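Read the structure below first, then the notes.
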Amino acid sequence: MRNILILTDFSSNSWNSIEYSLGLFQNKSYNFYLLNASDIQEDEFEHVGNIGNLTTIKKAKDSKKEFNTFLNKINLSPLKGKHTFATISVESNLLNAVKNQIKLHKIDLIILGTNGLSTQGKMNIGSISEDIITKVKCSTLVVPRDARYTGLNEITFPTDYTYYYEAKLLQNINNLLNYKQSAFRFVYLAKKCESLDKEQLWNKETLHDYFINCTHTFHSELNENLELSIQKIIDEFNTDIIIMAAKNLNLFEQILFRPKINSIKYYTKTPFLILH
């Protein structure tokens, strides 16, 4: 059985990520772990005796109440299926808490909801998502606030064909998602026109061989603003999800972490699955 970790702060965005997950895995049977982690404030260390204990007890009660609300909503959902759900509340740095849970429960996938806005009001996936993706070696699904699960009919996979193990990553995640009936659109992103070298051509052929029995097409998009290229493909094929290899950090920088254009729609509508 697969193990999935969902990060929650009990917001509408985190509930949306749970709803999306229930739809995505509705025909599966997985273990879901709902994690709420909150840093201990420095001034709490100044309290001693009963006062400090009461603070901790209050936090524990609050998270338990919020978790019960979410679990009741899950139980009422027609998509609950045969999954099991466990709740985890820890007073710890979120990054450390995630790493600990991955080891403890042998997590296969992390899921988190996002507003699609950074703290500066600019469009990107946010600093927490960036930390999880870049500092935790576990595949991560980022579910934006307006994402709704309607199936995995169209999948976009941005690539520069420089990472040899992309086909292997897709094979591994297929055991989790089962996307054999989906159409794959492999998109080569570049800022200027350059011919593919021998290694890139070989990696492209490897992807073609792996998907020989599945619907798939190859596309090239040249644009200084890579996010415009992604948005174009999403609009053209009505993309349901974007999947990327975590090793392609050069693509991440502009597409997810350092966008130059704030009017892009996919930050708030299209889920990203980052594969480790």
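The values are calculated or read from the model by the stated rules, or taken from the named source; none is laboratory data. Here the structure is a predicted model, which is why all the values come from computation and not from measurement. Methodologically, a virtual Cβ is constructed for each residue, glycine included, from the backbone with ideal geometry; neighbour enumeration extends over all protein chains shown. Note: areas computed on protein heavy atoms with side chains; ligands, DNA, RNA excluded. Shrake-Rupley method; radii C 1.70, N 1.55, O 1.52, S 1.80 Å.
Give me the residue from the stretch 73-118 that is open to solvent by 50 Å² or more (accessible area, probe 1.4 Å) and part of a helix (DSSP H, G or I) and, out of that set, nearest to residue 273 (Cα to Cα). So, considering only residues that are open to solvent by 50 Å² or more (accessible area, probe 1.4 Å) and part of a helix (DSSP H, G or I), the one nearest to residue 273 (Cα to Cα) is 99. Scanning the stretch 13-40 for residues that are of a type outside the set (Ser, Thr, Tyr) and assigned to a helix (DSSP H, G or I) returns 13, 15, 16, 18, 19, 22, 23, 24. Considering the conditions (1) modelled with pLDDT of 90 or more; (2) farther than 21 Å from residue 272 by Cβ; (3) open to solvent by 30 Å² or more (accessible area, probe 1.4 Å), residue 59 is excluded by exactly one of them, (1). For the stretch 184-198, the count of residues that are open to solvent by 80 Å² or more (accessible area, probe 1.4 Å) and hydrophobic (A, V, I, L, M, F, W, C) is nonzero. Here residue 87 passes the criteria (1) modelled with pLDDT of 85 or more; (2) over 25 Å from residue 174 (Cα atoms); (3) more than 20 Å from the chain's Cα centre (by Cα); (4) hydroxyl-bearing (Ser, Thr, Tyr) except the one numbered (3). The set of residues in the stretch 136-158 being out of contact with any Ser or Thr (no Cβ under 9 Å at 6 or more places or on another chain) and assigned to a strand (DSSP E or B) consists of 157 alone. Filtered by the rule that a residue be of a type outside the set (D, E, K, R) and farther than 19 Å from residue 206 by Cβ, the stretch 146-181 gives 147, 149, 150, 151, 152, 153, 176, 177, 178, 181.
The residues in the stretch 12-51 that are at pLDDT below 90 and either surrounded by fewer than 13 Cβ atoms within 10 Å (Cβ to Cβ) or closer than 20 Å to residue 100 by Cβ (or both) can be counted, and the count is 14. Considering the stretch 184-211, the residues that are at pLDDT 90 or above, within 22 Å of residue 240 (Cβ to Cβ) and part of a helix (DSSP H, G or I) include one that is farthest from the chain's Cα centre (by Cα), namely 208. Within the stretch 142-183, being open to solvent by less than 40 Å² (accessible area, probe 1.4 Å), aromatic (Phe, Trp, Tyr) and in contact with a helix residue (DSSP H, G or I) (Cβ under 7 Å, 6 or more places away or on another chain) holds for one residue alone: 161.
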